[in-house]
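The values are calculated or read from the model by the stated rules, or taken from the named source; none is laboratory data. No experiment lies behind these values; they were computed from the predicted model shown. Cβ coordinates were reconstructed from backbone atoms using ideal geometry, including for glycine residues, and neighbour counts include every protein chain displayed.
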Amino acid sequence: MGAGHAHRLYRHGHSPVHALPPHCKLAATFAFVVVVVSTPREAVWAFGLYAVLLAGVAAAARVPAGFLLRRLLIEVPFVAFAFLMPFVAEGERVDVLGLSLSVSGLWGAWNVLAKGTLGVAASVLLASTTELRALLLGLQRLKLPPLLVQIASFMIRYGDVIGGELRRMSVARRSRGFEARGIRHWGVLAKTAGALFIRSYERGERVYLAMVSRGYAGSMPVIDEVSATRAQWAYAAVLPLTALAVCLMGWTL
């Protein structure tokens, strides 16, 4: 199950985090996100400690802060939604800088912003230190249903192919003087989407037939097995176990 190239999210390195088996990192990231989501939103200090833990992981992985922050921009739509919650939520209200805001909306916005940002940051660190091919192997090691692993594999493999096809179609439109400037051009864009679907479907058929002719029978061969030692599992468990301790303090204090 190999990939022809590294994804843009991956940052090549030789840190201890890069060296961990992928299934260890997947399990640690999932456990960390579950702990963060389970933390009461009123324990504001706990989320600060979670951020410090992720900063420590980034430092150990030698992932620059700028690299991480640029990838966090993907959550901008959720941030915008969080900022709207204090204005539209009902219940007790409080005046902040002359604005009447909902108390429950403020807590809800904080909850979405804090937990969402930490979850995205953990995912970005995982993708930055693990190649996509290794992630798929890790999912296999964690006994995820094989069909889901194959769907993820094909989605990753041919997402860039479809994107490249869309870029070529865009260049062809611009070379003929087309510029989408208003509603009257939506029909052309809709036809483009339909043509892209047909081209993708036909290319998928050709890829499938090529795979069958080479012996594909419903499962991809595993080229190399990646096992983890107890020491590696213990190293990966440091993040979620520390976060769990912080979460328990957040519920008890």
**Prompt:** Is there a residue in region 148-165 that is in contact with a His (Cβ under 8 Å, 6 or more places away or on another chain) and at pLDDT below 85?
**Reply:** yes
**Request:** Give the residues of region 162-176 that are under 17 Å from TYR201 (Cα atoms) and surrounded by 13 or more Cβ atoms within 10 Å (Cβ to Cβ), sorted by residue number.
**Result:** ILE162, GLU165, LEU166, MET169
**Request:** Kindly indicate whether LEU244 is under 30 Å from CYS24 (Cβ atoms), within 24 Å of the chain's Cα centre (by Cα), in a helix (DSSP H, G or I) and among the hydrophobic types (A, V, I, L, M, F, W, C).
**Result:** yes
**Prompt:** Which residues, counting only those in region 71-98, are loosely packed, with under 14 Cβ neighbours inside 10 Å, of a type in the set (A, V, I, L, M) and within 16 Å of TRP110 (Cα to Cα)?
**Reply:** VAL76, ALA80, LEU84, VAL88, VAL94, VAL96
**Prompt:** From the residues in region 121-144 that are among the charged types (D, E, K, R) and in a helix (DSSP H, G or I), which one is surrounded by the fewest Cβ atoms within 10 Å (Cβ to Cβ)?
**Reply:** ARG141
**Candidates LEU147, LEU118, filtered to the one that is crowded, with 18+ Cβ neighbours inside 10 Å and in a helix (DSSP H, G or I)** = LEU118
